[in-house]
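Written out below as structure tokens is the structure these notes cover.
Read-outs: derived from the displayed coordinates by stated rules, not from any lab. The shown structure was predicted, so the numbers you read here are calculated from the model rather than taken from an experiment. No Cβ is skipped: glycine too gets one built from the backbone with ideal geometry, and neighbour counts run over all protein chains shown.
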Amino acid sequence: MTRTPRSIAEVEAACDALDALPGDALATDPAAHAAELLHLGEDVLAAWVTAKGGAPTEGESEGFRLLALHRQGARGTPSFNACRETCRELVYHHNLVLDDPASSEAVQRLRMATMIARHLALFVGGKLVVDGLGDFCCSSRPIRQGETAAPEAMET
């Protein structure tokens, strides 16, 4: 079955919806929720690749499309590497849930993965607005403050 990729705004809304679910709803099928969170991350990175004029890969790196999309998205944009560890954390929490979906910690792990997926969406969405975002960190200061100055002018 082919999935329709979501926009970054739709990913953020999906994260909000997952956050709103009670723990017992998350505990009914933690593996499905973990897979959904991984797909949300893929959608974010696919949006980045598409916005940069590329065709998002269907390939995998280290067994995950998310990591292959990150590798593809980082080509020619060194500051995009700032989200590499965020991608790896999302994969890590996905794997923790799949390893033991019946664990008493599965819901907590899904909540953490939701926060990570949202962080990825905010970072990439911010980078699409302000290209220099993440050159030195993933601070969204220029966006939060409505600054339009070039990133070089924002350095302190």
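For Thr114, the conditions (1) within 16 Å of Arg3 (Cβ to Cβ); (2) touching a Cys at 6+ places or on another chain (Cβ under 7 Å); (3) hydroxyl-bearing (Ser, Thr, Tyr) are fulfilled apart from (1).
On the basis of being closer than 20 Å to Val129 by Cα, under 12 Å from the mean Cα position of the chain (by Cα) and in a helix (DSSP H, G or I), does Leu90 make the cut? Criteria not met by Leu90.
Restricting the range 50-71 to residues that are in contact with an Asp or Glu (Cβ under 9 Å, 6 or more places away or on another chain) and outside any helix (DSSP H, G or I) leaves a set whose member that is nearest to Tyr92 (Cα to Cα) is Phe64. Which one of Gly41, Gly76, Gly54 is out of contact with any Gly (no Cβ under 9 Å at 6 or more places or on another chain) and surrounded by fewer than 19 Cβ atoms within 10 Å (Cβ to Cβ)? Sole residue among the options that is out of contact with any Gly (no Cβ under 9 Å at 6 or more places or on another chain) and surrounded by fewer than 19 Cβ atoms within 10 Å (Cβ to Cβ): Gly76.
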